[in-house]
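Note sheet for the following structure.
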Amino acid sequence: MRHDFLDKYSRINSPIHRLPSMAKLWISFSLVVAIISIPLRFFFLFPFIGGVLLGALLLSRIPIPFIFSRLLILEFFTVGIAMLSLLRPNGTMLFIALMTRSTLCLFTVILLSNSTPFAELLEALKRLKFPPLILTILALMYRYIFVLIDEMERMTRARESRSFSVNRRSRWTLLASLIGQLFIRSTERAERIYAAMSARGWK
Amino acid sequence: MKTAVDIRNLHYTYPDGKIALHGVSFSIREGERIGLIGPNGSGKSTLLLHLNGILPDPLHAPPAVSIMERPLDKTSVGAIRRDVGLLFQDPDDQLFCPTVYEDVAFGPKQFGMQTAETRAMIQRALEQTDLLGFEDRSPHHLSGGEKRRVCLGGVLACEPKILALDEPTSNLDPRGKRKLKEILRSLQATQIIATHDLELVVELCSRTIVLDQGRIIADGDTIELLGNEALMLEHGLETPHILRHRHPH
């Protein structure tokens, strides 16, 4: 089973993909810092940054619906937080500002992660002297997301082949036990991975 | 010739109280290739984990295991992990790096080797396992056979003197099996192969150890042991076909 859907466009070929990963990392980082620190007086800069990002998106040949669906998923969380600002006096302006900033930041990061293979991104972070422990955690996370999705899929299939009722209640209980199973299996796998790492000299 | 592995009266009980190994003793000479067979749950994998001190955790005070004539204790465990290369059953447990190259390079890096020398070792391991051209691939994009070869490459890159292989041919198609056998045959290292693939044992190992319920049942010549049908059936095994009709195909 192959799970490319997470970052399947990160390995295609385009002018954006060909940029060195270090440069992309720096540009994205500066953009994010700019987006969160530009005072609201200069609001006209935000559409400009948005335009630059859209231009990069077009150049990158990543399908636009793909990027927007990603954005939509993450937007849920920011909307939730930004809503709180509506409760304050004069909150509307704050709400708009928060939404604009967070959307642009997310756009930047999504574009970066979909135009650079994850391994290269890690390599660039390493050269920037990022803490090795965080890098290891990131690398392991990326590596095992796919294994976990596979495992979840196998378990769901096995369950579905043996469950004949379509009762909603039993469906939820099944899902709960699947998640529990996945948790136990992941813990056990973590132990085996640690053993494998120790076997090759990890301290 | 040196003794590569020496185990004297090894006991192991799992934290849940299940006895896994019950007084196991044997020794292996340098360069030997040994088949370790036995039914599911007989303690094969547990035994392999003792060879480089992953188990017991913490290590026993009087060590039951000696590797290359050096007792395995707290002071020697680091060096012994270099000497013993362990190939795990599930490749996904062993391939934890983002790319093939990094995974093969993981061991040499941990042992703090010089870069030029390291690169040569990694290169050799990639060649031995026929992985040139795979360096930048990510492990989740590989087939089962390729994953297994990357695992072996990662182990070989540490240049171990002893290889402990846990089910190296499980889940492989016949071509994958043939390729793996070819690689194992070409290696000089002492090998201990825990497996249910009895034909593999017949083809590669001159000596076999039969393990059941944490005890050594038999230890001797492969053809003789595997040809003893009563013994094989009693311990959940069987005489492989390759021994039944020994005529040239």
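Overview of results
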| quantity | calculated |
| --- | --- |
| Solvent-accessible heavy-atom area per residue, rounded to whole Å², over segment A:13-74 at 1.4 Å | 60 Å² |
| Segment A:1-149, relative contact order [Cα under 8 Å, separation at least 6], % | 39 percent |
| Within segment A:3-37, chymotrypsin sites (Phe, Trp or Tyr not before Pro) in DSSP loop having at most 14 other beta-carbon neighbours inside 10 Å | A:PHE5 |
| Beta bridges by DSSP in chain B, antiparallel share as percent, to the nearest 5 | 55 percent |
| Surface accessible to a 1.4 Å probe, per residue, for the residues of chain B, Å² | 45 Å² |
| Flagged links, alpha-carbon separation over 27 Å, of B:LYS18/B:LYS177; B:LYS74/B:LYS147; A:LYS126/A:LYS203; B:LYS74/B:LYS161; B:LYS109/B:LYS161; B:LYS44/B:LYS74 | B:LYS18/B:LYS177; B:LYS74/B:LYS147 |
| Cleavage-rule hits, trypsin sites (Lys or Arg not before Pro), segment B:198-249, DSSP coil, Cβ neighbours within 10 Å at most 11 | B:ARG246 |
| Per-residue [θ]222 nm for the protein assembly as shown (sum of -39500 (n - 2.57) over DSSP H runs n ≥ 4, rounded to 500) | -17500 deg cm²/dmol |
| Minimum 40 Å² accessible area buried by the other protein chains, segment B:131-151 residues, probe 1.4 Å, relative to alone | B:HIS140, B:HIS141 |
| Within segment B:1-106, trypsin sites (Lys or Arg not before Pro) in DSSP loop having at most 16 other beta-carbon neighbours inside 10 Å | B:LYS2, B:LYS18, B:LYS74 |
| Sequence ranges B:144-151, A:171-178, ranked by mean other-Cβ count within 10 angstrom, highest first | B:144-151, A:171-178 |
| Protein accessible area in chain B, 1.4 Å probe - carbon and sulfur % | 48 percent |
| Computed over chain A, Cα set: Rg, Dmax in Å | 21.1, 62 |
| Where A meets B: accessible area buried, both sides, 1.4 Å probe, Å² | 2300 Å² |
| C-alpha center-to-center spacing [segment B:1-66, segment B:181-224] in angstrom | 15 Å |
| Amide H partners (placed H, <5 Å) of B:GLU159, local residues excluded | none |
| Mean accessible surface per residue for segment A:131-199, computed with a 1.4 Å probe while every protein chain stays in place, in Å² | 68 Å² |
| Cα-based shape type of the protein assembly as shown, given that a ≥ b ≥ c are square roots of the gyration tensor eigenvalues and the cut on a/c is 1.5 | prolate |
| Distance between segment B:87-112 and segment A:79-133 - C-alpha centres, whole angstrom | 32 Å |
| Principal-axis tilt of helix A:132-162 within chain A, Cα atoms, nearest 10 degrees | 50 degrees |
| Cα gyration tensor category, rounded, prolate or oblate, for chain B with a/c compared to 1.5 | oblate |
| Normalised contact order of chain B, rounded percent, pairs of Cα under 8 Å and 6 or more residues apart | 26 percent |
| Rounded to 5, the percent of DSSP beta bridges in the protein assembly as shown classed as antiparallel | 55 percent |
| Accessible carbon and sulfur surface of chain A relative to its total accessible area, %, 1.4 Å | 72 percent |
| Residues losing 50 Å² or more accessible surface upon assembly, segment A:173-203, compared with the chain by itself, 1.4 Å | A:ALA196, A:ALA199, A:ARG200 |
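The values are calculated or read from the model by the stated rules, or taken from the named source; none is laboratory data. For clarity, every value in this text was computed on a predicted model and none was experimentally measured. No Cβ is skipped: glycine too gets one built from the backbone with ideal geometry, and neighbour counts run over all protein chains shown. These area figures cover heavy atoms from the full protein model, side chains too; ligands, DNA and RNA do not enter into them. Shrake-Rupley method; radii C 1.70, N 1.55, O 1.52, S 1.80 Å.
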